[in-house]
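Novice: Before I ask anything, here is the structure I am working with.
The values are calculated or read from the model by the stated rules, or taken from the named source; none is laboratory data. Owing to the predicted nature of the structure, the values given are computational and were not obtained by experimental measurement. Counting neighbours? That spans all protein chains shown, and the Cβs are built from the backbone with ideal geometry, glycine included. Each accessible area value is taken on the protein alone, full model and side chains, heavy atoms only, with ligands, DNA and RNA left out. Shrake-Rupley method; radii C 1.70, N 1.55, O 1.52, S 1.80 Å.
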Amino acid sequence: MQSPYNGTSTRAIHAGDPAPHLGAPVVMPLVPSTTFYGDPSGQGDVLYTRYGNGPNQRVVEERLAVLDGADDAVLVASGMAAMACALLSVLRAGDHVVATTDIYGGTRALLTDELSRLGIETTFVDFFSAGWTDALRPNTRVVLGETPSNPVLRVLDLRPIADAAHAHGAAVIVDATFGSPVNYRALEHGADIVMHSATKYLGGHSDVTAGVLCGSSAYIAEVRKRARIWGPVLDPHGVWLLERGIKTLALRMERHNRNGLEVARWAESRPEVARVFYPGLPSHPDHETATRVLDGFGGMVGIELAGGDEAATRFVRALRLAKYATSLGGVETLISEPRFTSHAAMTPEQRAAGGIRDGFIRVSLGIEDAADIIADFDQALRAAGGAEDTQREAAD
C-alpha cells in the first residue's frame with residue numbers, strides 16, 4: 001500500500017485514516033457491531049465482523065501494511081493464529097517446510113506436533129551454515145525464518161536465504177516480532193509473508209492479544225479467504241486497543257532501543273554475568289549483520305548468569321521494579337526464563353545446544369528510565385551473590 005507520508009511515526013499515527021469531514025471524530029470510534037447493512041442488489045462486499053472487514057479492522061490492517069511496506073495485511077486473534085494461518089494457507093498434505101532451529105517454542109510445536117498430523121514434514125536447519133540448502137526437497141513449499149530470534153537474538157541475513165528459497169520455488173515466511181516494523185521490515189529483504197505477534201511491540205501495553213500477517217495482495221488474499229472459514233477473528237475492541245498502541249510505536253521503540261543498549265552494556269561489565277545476548281554489542285555473533293539490516297537493536301536482552309539456574313532463581317526473586325512474567329514488548333520491563341516458558345518442552349541439552357543454558361534470563365526492557373532498571377538489576381545481582389556467599393560461608 002502507498003502512503004503520502006515518509007516518516008515512520010507519522011505513518012503509525014495516520015496511515016489508513018478515513019477521509020476527514022466536518023464533525024467526524026479525530027479518533028477512530030470503536031464499532032462493536034457484528035454485522036452491517038448490505039446492498040439488496042447483492043453488490044459489494046458483505047461486511048461481517050467474523051470476516052474481519054469491519055471499519056476498525058480495515059483501518060488497522062491498512063496502517064500495518066504501510067508500516068511493513070506490504071500490499072495488504074490481515075489481523076487475527078494472536079501471533080500463533082497468524083503463524084498457523086500463514087503456514088496453512090501455503091501448505092498442503094505432502095508438503096515440506098525448512099525452518100530455522102532458532103525458533104519460538106510455540107511455532108516449533110505447531111510444526112512438529114500439529115502440521116505433522118496433516119502430513120506436512122519439517123526439517124530444522126541452521127541458516128548460518130552454508131549447507132542449509134541441502135535440506136531443500138522437491139516438495140519444499142515454505143522456508144521459515146525468525147529474526148531477531150527468541151531468545152538468543154540471532155539476526156539473519158535474509159536476502160541470500162530468500163533468493164535460494166525463491167529459486168527453489170518456495171515461499172519465505174518470517175516471524176519479525178522482536179524487531180517490529182520500526183526496526184526491521186522483512187519484506188524489504190525478500191520475505192513473502194511477515195508475521196508479528198501484535199500482542200508485543202505493536203500493541204505495546206500488555207492489554208491486547210493479536211497477530212498480523214503482511215505481504216503481497218496474492219498471499220494475503222489467500223490467508224484472508226481461509227481465515228474467514230477458520231474464524232480466528234480479532235474482536236473490534238481488541239483492534240481498537242491495537243490501533244491506539246500503534247500510534248506510539250515509533251516513539252516507544254526509540255526508548256526500547258536505547259534501554260536495550262544501555263542495559264546490555266552494563267550487564268556485560270558484570271562479573272556475575274557469564275554472557276549477554278544482544279545484537280547491538282560487538283560480542284554478538286551477528287553484530288555486523290544487525291548493524292546492516294536493523295534500524296535499531298531492540299529492547300530484548302538475554303542474560304546468562306554465571307551461577308546457573310540457582311543464581312537465576314535468586315535473581316528473579318530479588319527484583320523490585322521488573323516484573324517476573326511471560327510475554328514481551330510492553331511499556332513495563334518483564335523478566336522470564338525460557339526453561340519454564342517458551343522452551344519448556346525442550347530438554348536441558350536441547351536448550352543448551354541452542355545457547356539457552358540454565359541460568360538464562362530473557363529481559364524485555366520497558367520504557368522506564370534505564371538508570372532505574374539498572375539499579376533494580378544491580379541490587380538483584382547483589383542479593384543473588386549475597387545468598388551464594390552465605391551458603392559458601394556455611395559450608396566452610
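Novice: What number of residues in the stretch 288-329 are outside any helix (DSSP H, G or I), in contact with a strand residue (DSSP E or B) (Cβ under 7 Å, 6 or more places away or on another chain) and open to solvent by less than 60 Å² (accessible area, probe 1.4 Å)?
Specialist: Of the residues in that region, 13 qualify.
Novice: Quick one: what pairs do we get from the stretch 357-377, first residue under 16 Å from VAL152 (Cβ atoms) and modelled with pLDDT under 95, second assigned to a helix (DSSP H, G or I) and of a type in the set (Asp, Glu), C-beta under 8 Å, 6+ apart or different chains?
Specialist: Going by the 8 Å Cβ cut-off, the qualifying pairs are ASP358/ASP309; GLY359/ASP309.
Okay, residues lined up against (1) hydrophobic (A, V, I, L, M, F, W, C); (2) free of Cβ contacts under 8 Å to residues at least 40 places away in the same chain:
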residue	(1), (2)
THR101	no, no
TYR104	no, no
THR107	no, no
THR122	no, yes
PHE127	yes, yes
ALA130	yes, yes
LEU136	yes, yes
ASN139	no, no
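Novice: Scan the stretch 198-207 and give yes if some residue there is under 18 Å from the mean Cα position of the chain (by Cα), crowded, with 20+ Cβ neighbours inside 10 Å, under 14 Å from LEU67 (Cβ atoms) and not small (Gly, Ala, Ser), otherwise no.
Specialist: Yes: the stretch 198-207 contains one or more residues that are under 18 Å from the mean Cα position of the chain (by Cα), crowded, with 20+ Cβ neighbours inside 10 Å, under 14 Å from LEU67 (Cβ atoms) and not small (Gly, Ala, Ser).
Novice: Give all pairs with beta carbons closer than 6 Å in which a residue from the stretch 210-223 that is among the hydroxyl-bearing types (Ser, Thr, Tyr) meets a residue that is surrounded by 24 or more Cβ atoms within 10 Å (Cβ to Cβ); count only pairs at least 6 apart in sequence or on separate chains.
Specialist: Qualifying pairs under 6 Å: TYR219/ILE193.
Novice: Checking ALA370 against (1) closer than 20 Å to GLU254 by Cβ; (2) of a type in the set (Gly, Ala, Ser); (3) crowded, with 22+ Cβ neighbours inside 10 Å, which test does it fail?
Specialist: So ALA370 meets the others, but not (3).
Novice: Could you name every one of the strands (runs of 3 or more DSSP E) located completely within the stretch 73-183 that has at least 1 residues being open to solvent by less than 10 Å² (accessible area, probe 1.4 Å) and closer than 20 Å to ARG362 by Cβ?
Specialist: Ranges flagged: 96-100, 140-146.
Novice: Which residues, taken from the stretch 39-52, are touching a Phe, Trp or Tyr at 6+ places or on another chain (Cβ under 9 Å) and assigned to a loop (DSSP other than H, G, I, E, B)?
Specialist: ASP45, VAL46, LEU47, listed by residue number.
Novice: Against the condition closer than 23 Å to ARG252 by Cβ, free of Cβ contacts under 8 Å to residues at least 40 places away in the same chain and part of a loop (DSSP other than H, G, I, E, B), how does VAL26 come out, does it pass?
Specialist: Spelling it out, VAL26 is indeed closer than 23 Å to ARG252 by Cβ, free of Cβ contacts under 8 Å to residues at least 40 places away in the same chain and part of a loop (DSSP other than H, G, I, E, B).
Novice: So which of TYR278, TYR201 ends up being among the hydroxyl-bearing types (Ser, Thr, Tyr) and touching a Lys or Arg at 6+ places or on another chain (Cβ under 8 Å)?
Specialist: None of the others qualify; the one that does is TYR201.
Novice: I've got another one for you. Just need a number here: residues in the stretch 224-247 that are surrounded by fewer than 24 Cβ atoms within 10 Å (Cβ to Cβ), assigned to a helix (DSSP H, G or I) and more than 19 Å from the chain's Cα centre (by Cα).
Specialist: Summing the residues that are surrounded by fewer than 24 Cβ atoms within 10 Å (Cβ to Cβ), assigned to a helix (DSSP H, G or I) and more than 19 Å from the chain's Cα centre (by Cα) in the stretch 224-247 gives 9.
Novice: Further, regarding this structure: Taking the stated definitions as given, is VAL31 over 27 Å from the mean Cα position of the chain (by Cα) and either farther than 30 Å from GLU188 by Cα or in a helix (DSSP H, G or I) (or both)?
Specialist: yes
Novice: Can you tell me which residue within the stretch 1-23, out of those that are of a type outside the set (Ser, Thr, Tyr) and not in a loop (DSSP other than H, G, I, E, B), is nearest to the chain's Cα centre (by Cα)?
Specialist: ALA12
Novice: Could you please give the count of residues in the stretch 353-367 that are closer than 26 Å to ARG255 by Cα and open to solvent by less than 10 Å² (accessible area, probe 1.4 Å)?
Specialist: 6
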